[in-house]
Amino acid sequence: MGILIERAEELPAQLDAAESQFNAYLERIAVQFPQQAVDVFKLKAAEVFARIKNRTPVDTGRARAGWQMSASVETPTFTEISISNQVNYVVWLEVGSSRQAPQGMLRVTLNEMSYEMHQELAALAGA
């Protein structure tokens, strides 16, 4: 299970770390809750997509409208979701060229979601 950020080679190395950490939490969910893992993953992926899109700065609206999400691999026990944006300047927005989103969109969202999933897993472990 995992989220794949397309065009990541053009983005800062911090995105790799955020993507890896987020996917590590998804793997923990898959191990601890195998029956619900795919459903939980799809919900988390949709939430990541919505947050990234909402955090995308708007001038003309092209960058925000350019986000796409698709299942690149899907089986009953495994899913990989691809999130992409083909707008040529979205890389510059991610590295902080906009005052509306100086920290970017992808890294902030993946780090935030990783923290939330860590909290959720800790709460479930304690229950």
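The values are calculated or read from the model by the stated rules, or taken from the named source; none is laboratory data. Predicted model only: the values in this text are computed from it and were never measured. All Cβ positions, even for glycine, are placed from backbone atoms using ideal geometry, and neighbour counts span all protein chains on display.
List of remarks:
- Filter result (in contact with a strand residue (DSSP E or B) (Cβ under 8 Å, 6 or more places away or on another chain) and either on the phi > 0 side of the Ramachandran plot or of a type in the set (V, I, T) (or both)) within region 24-45: V38
- Residue match in region 101-120 (condition: among the hydroxyl-bearing types (S, T, Y) and in a loop (DSSP other than H, G, I, E, B)): no
- Test: residue in region 9-27 that is over 26 Å from E120 (Cα atoms), at pLDDT 80 or above, aliphatic (A, V, I, L, M) and in a loop (DSSP other than H, G, I, E, B): no
- Applying the set (1) outside any helix (DSSP H, G or I); (2) out of contact with any strand residue (DSSP E or B) (no Cβ under 7 Å at 6 or more places or on another chain); (3) exposed (fewer than 14 other Cβ atoms within 10 Å of the Cβ) to P57 leaves exactly one unmet item: (3).
- V48 vs. criteria within 26 Å of Q103 (Cβ to Cβ), in a loop (DSSP other than H, G, I, E, B) and touching a residue at least 24 places away in the same chain (Cβ under 8 Å): no
- Among the conditions (1) in contact (Cβ under 8 Å) with a residue 40 or more places away in the chain; (2) crowded, with 16+ Cβ neighbours inside 10 Å; (3) out of contact with any Gly (no Cβ under 6 Å at 6 or more places or on another chain); (4) not hydroxyl-bearing (S, T, Y), F78 misses just one, which is (2).
- Residue list for region 87-96, filter: touching a Lys or Arg at 6+ places or on another chain (Cβ under 8 Å) and in a loop (DSSP other than H, G, I, E, B): V87
- Check on S82, out of contact with any strand residue (DSSP E or B) (no Cβ under 9 Å at 6 or more places or on another chain) and either of a type outside the set (D, E, K, R) or not in a helix (DSSP H, G or I) (or both): no
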